[in-house]
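A.B. asks: Can you keep this structure in mind? I'll have questions shortly.
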Amino acid sequence: MQSPPVIGIVGSRGAFGAWLARFYRERMGLVVIGRDPAGDTALSEHELLGASDVLVFAAPIRLAAGVIARYVALADGSERGKLWLDLTSIKVAPVAAMLRSQAEVVGLHPMCAPPKAPTLRGRVLVVCEARLQRWRAWLAEMLAALEAQCVAATPEQHDQRMALVQAMVHASHLAQAVVLRDSAPEVTGPQDVLPFRSVSFEMDLAVAARILSGNPEIYEGIQFDNPAVLPMLDRLQSALAALRECVRAGDEAARQRFRAIFIEPGRAFFGASGLASGNYGFERLGYLLADLAEPRALSVVLRQDQTGALRELLAIFERHAINLASIHSSRTPAGEVHFRIGWAGDPGSGLLRQVAAEIEAAGCGRVLAAQGS
């Protein structure tokens, strides 16, 4: 491009629209303007169309195609030579709507909620390239800056995969939450069953809690607005019904049917490498959950997110000959880099208080919590 493009975001107050606006400003140094149909009307639709070189649609799933169609009509050809993107969780309808414009068109779907981190590093981004020519180099620059694991797909392939990756997973966990809720009076809440947890149950409960604490409109749209979902739900219901019938019969023949329907074909479908990889990933998650459940730990937020900051922090533990058992990083709600450090043995509460004080005094970190030995 001859000069840095101006980015316009429709839905700039939405969660991912707001995150992407910050990304464009802070990581790519671009001017970002926006108009949120829910209330941010500082720019008229015509003004936003005229001022934007790249227009990003971040509208709710059920509204996305309609919002795009309105902008196609308003643009009336003035969008020729520009780039239109969307962030919708389905792709067939919004990409088709954008293709009715004269802009270049790419559909994007970040496979995560807006992260605390400044990029999508380690996260998947599905890219549906529909019509792209003069903006190809700029799009490649944007994707590189996002640092996501990009997966190319057609809109049709995307929606079929989302029926499995999103809708099936959400449906299963929402049904689990209903079963838990309906298990009263024996179960009055997650606290009644979590002490009996397995790794699988703890992960499933976390997913259910994540869904239930999120924006209902998003999860509703994933189920209702993707035509590929209903056939998937039919297959899921059929599989559960077959399992129920096997258990209801309860005899040896039913046990054999259970293996024939659910175990042996599944093993063949996953294959030896898929089973080995999945088992290894499950074990890693189990060790992670065990580390995070260990009460002996120090939580520290780094003062500066830069090279050498962690080394300075760990040197304090080394000087006191404290043998570390685990180190896990995450981000606080404010996006700060947070380390949870666990140790082996019993250093003693006095020594741990001294370590915490030295970390604060050295200025390399802010101690959030220190559990005793």
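We did not get these values from a lab; they are worked out from the coordinates using the rules stated. Given the structure is predicted, the values throughout are model-derived calculations rather than measurements. Counting neighbours? That spans all protein chains shown, and the Cβs are built from the backbone with ideal geometry, glycine included.
A.B. asks: Quick one: Karplus J couplings for segment 124-136, per residue in order, coefficients 6.51, -1.76, 1.60, θ = phi - 60°, nearest Hz, x for Gly and Pro?
C.D. replies: For segment 124-136, the Karplus-derived couplings read 8, 10, 7, 10, 10, 7, 10, 8, 8, 9, 5, 8, 4 Hz, x marking Gly and Pro.
A.B. asks: Next question, about the same structure. Return an integer: the convex hull volume of the alpha-carbon atoms of segment 1-143, in Å³ per residue. All intermediate terms of the calculation are to be shown ahead of the outcome.
C.D. replies: Working: hull volume 14.4 nm³, N = 143.
Residue-normalised Cα hull volume stands at 101 Å³.
A.B. asks: Taking a ≥ b ≥ c as the square roots of the Cα gyration tensor eigenvalues, with a/c under 1.5 meaning rounded and otherwise prolate when a/b beats b/c, else oblate, which class fits segment 158-290? Provide the component values of the computation, followed by the final result.
C.D. replies: Details: a/c = 1.24, a/b = 1.12, b/c = 1.11.
It comes out rounded by the Cα gyration axes.
A.B. asks: Also, quick follow-up: Given 4 °C and 1.567 mPa s, how large is the Stokes-Einstein diffusion coefficient of segment 231-335 in µm²/s, with Rh as the Kirkwood radius over Cα pairs?
C.D. replies: Working: Rh = 19.0 Å.
Stokes-Einstein gives a translational diffusion coefficient of 68 µm²/s.
A.B. asks: What is the chain's relative contact order, in percent, from Cα pairs under 8 angstrom and six or more apart in sequence? Walk me through the intermediate numbers first.
C.D. replies: Details: 517 pairs, mean separation 38.8, N = 373.
Result for the chain is 10 percent.
A.B. asks: If you average the sequence gap of Cα pairs under 8 Å that are 6 or more apart and divide by the length of segment 158-290, what percent do you get for the contact order?
C.D. replies: Numbers: 49 pairs, mean separation 39.9, N = 133.
Worked out over segment 158-290, it gives 30 percent.
A.B. asks: Here's a follow-up. If I stretch the segment between Met168 and Ala73 completely, what's the gain in nm (0.36 nm per residue apart, minus their alpha carbon distance), one decimal? If you can, show how the numbers build up before the last one.
C.D. replies: Details: separation 95, 0.36 × 95 = 34.20 nm, distance 3.56 nm.
Taking 0.36 nm per residue and subtracting the Cα distance, the gain is 30.6 nm.
A.B. asks: Further question on the same structure: Which label belongs to the value computed from this structure, given these candidates for Rg and Dmax of the Cα atoms in Å: (i) 23.6, 86; (ii) 20.6, 69; (iii) 25.1, 74?
C.D. replies: (iii)
A.B. asks: Another question, then. Taking the Cβ of each residue in Lys91, Lys82 as the centre, tally the other Cβ atoms inside 10 Å and list the residues starting with the fewest. Let's see the in-between values first.
C.D. replies: Working: Lys91 26, Lys82 20.
Final ranking by Cβ density, sparse to dense: Lys82, Lys91.
A.B. asks: How high is the FRET efficiency from Arg267 to Glu245, r the C-beta distance, R0 25 Å, rounded to 0.05?
C.D. replies: Values: r = 21 Å, r/R0 = 0.86.
The value I calculate is 0.70.
A.B. asks: What ranking do 290-300, 187-197 get when scored by the average of other Cβ atoms within 10 Å per residue, highest first?
C.D. replies: Details: 290-300: 16.1, 187-197: 11.4.
By packing density, highest mean first, the sequence is 290-300, 187-197.
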